[in-house]
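See below for the structure under consideration.
Nothing in this text is a laboratory measurement; each read-out follows from the coordinates by a stated rule. Note that this is a predicted model, so its numbers are computed, not measured. In this analysis, Cβ positions are derived from the backbone assuming ideal geometry, glycine residues included, and neighbour counts consider all displayed protein chains.
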Amino acid sequence: MRELIELSAEFVKAHPAEAARVLEGLAPEDTAAFVAALDAKLAAIAMQHLGVAYCAKVLQRLDDDQAAERIRPMSSQAAARLLHNLGSERQVRLLGLLPVTTAVALRLLIGYPKGTCGACMDPAPLVVSPETTVGEAIEQARRHEERERGDCVFVADAQRRLIGVVALGDLLRAPQGEVVSAVMRRPEHAVSALALSATAAAHPGWDMFHLLPVVERENRIVGGLHRRALARDLGESAVRPAPALVNGVTGAYWNTVSVLAQVVVGTLPPVSPVATRRNDEP
């Protein structure tokens, strides 16, 4: 059995989207047994490629500890989409089991209505001050823990008001000692956190960047909207075509790899059911 699980795990690692399509053909309890047997990080990769409604049903077959372990490695956007499909009591329990910083970010995202830019944004994009040097900004971009790297850096003042955007390509070409304010562009393509995702899909800003700033009142930046995250929500064809890639750094952003046998599921022990479940939960 261990060999079968390892073989299937290799398939998930190499071809997560294809693995998700196989899993969606199974009963939710069978998929729950499979992801419970996987390493939590690998399970999170597979679950992020499942349809949200189906994934929520799978999550209901896991106990709170198992579910939290598999939510923790997910991107904030993917975890928020999943939590939106759970009952409020389960949301509270799972958030209480996550690291504080993760829980705070997810509370922010699920606080926005479903279908809005705020609900699917990255709550922690790279934001620098206008006095930051080009060299410092490049180093921050290199270290920035972003699951989906953008192709630009946002510039904001001390009150988090958005004042500029700098393309990574422009940063790489600028003198290292130059301040960011000297090379930034005006932030012409911000989207409101309460704007509908479907409306943002046609935003002209996608002609320039793969990442757009998300703002609230007084132009205060609260996140970044990745084109790929929006495409996952709405479907690739619904989003304005992506801009041409201008350098290797932004090109890496778009780089994304055995067949999962159903016999594996048959060899797995059943997952213990969650003790209590609300009627309004899937």
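Conditions tested, residue by residue: (1) among the hydrophobic types (A, V, I, L, M, F, W, C); (2) out of contact with any helix residue (DSSP H, G or I) (no Cβ under 9 Å at 6 or more places or on another chain); (3) surrounded by fewer than 20 Cβ atoms within 10 Å (Cβ to Cβ).
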{"position": "Ala9", "(1), (2), (3)": "yes, no, no"}
{"position": "Ala14", "(1), (2), (3)": "yes, yes, yes"}
{"position": "Glu18", "(1), (2), (3)": "no, no, yes"}
{"position": "Thr31", "(1), (2), (3)": "no, no, no"}
{"position": "Ala36", "(1), (2), (3)": "yes, no, no"}
{"position": "Tyr54", "(1), (2), (3)": "no, no, yes"}
{"position": "Val58", "(1), (2), (3)": "yes, no, no"}
{"position": "Gln66", "(1), (2), (3)": "no, no, yes"}
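Considering region 202-215 alone, what residues qualify as being of a type outside the set (Val, Ile, Thr) and surrounded by 15 or more Cβ atoms within 10 Å (Cβ to Cβ)?
Going residue by residue through region 202-215, those that are of a type outside the set (Val, Ile, Thr) are 202-213.
Result: His203, Gly205, Trp206, Met208, Phe209, His210, Leu211, Leu212, Pro213.
Within the option set Glu136, Glu89, Glu178, being of a type in the set (Asp, Glu) and either within 24 Å of the chain's Cα centre (by Cα) or crowded, with 18+ Cβ neighbours inside 10 Å (or both) holds for one residue only, Glu89.
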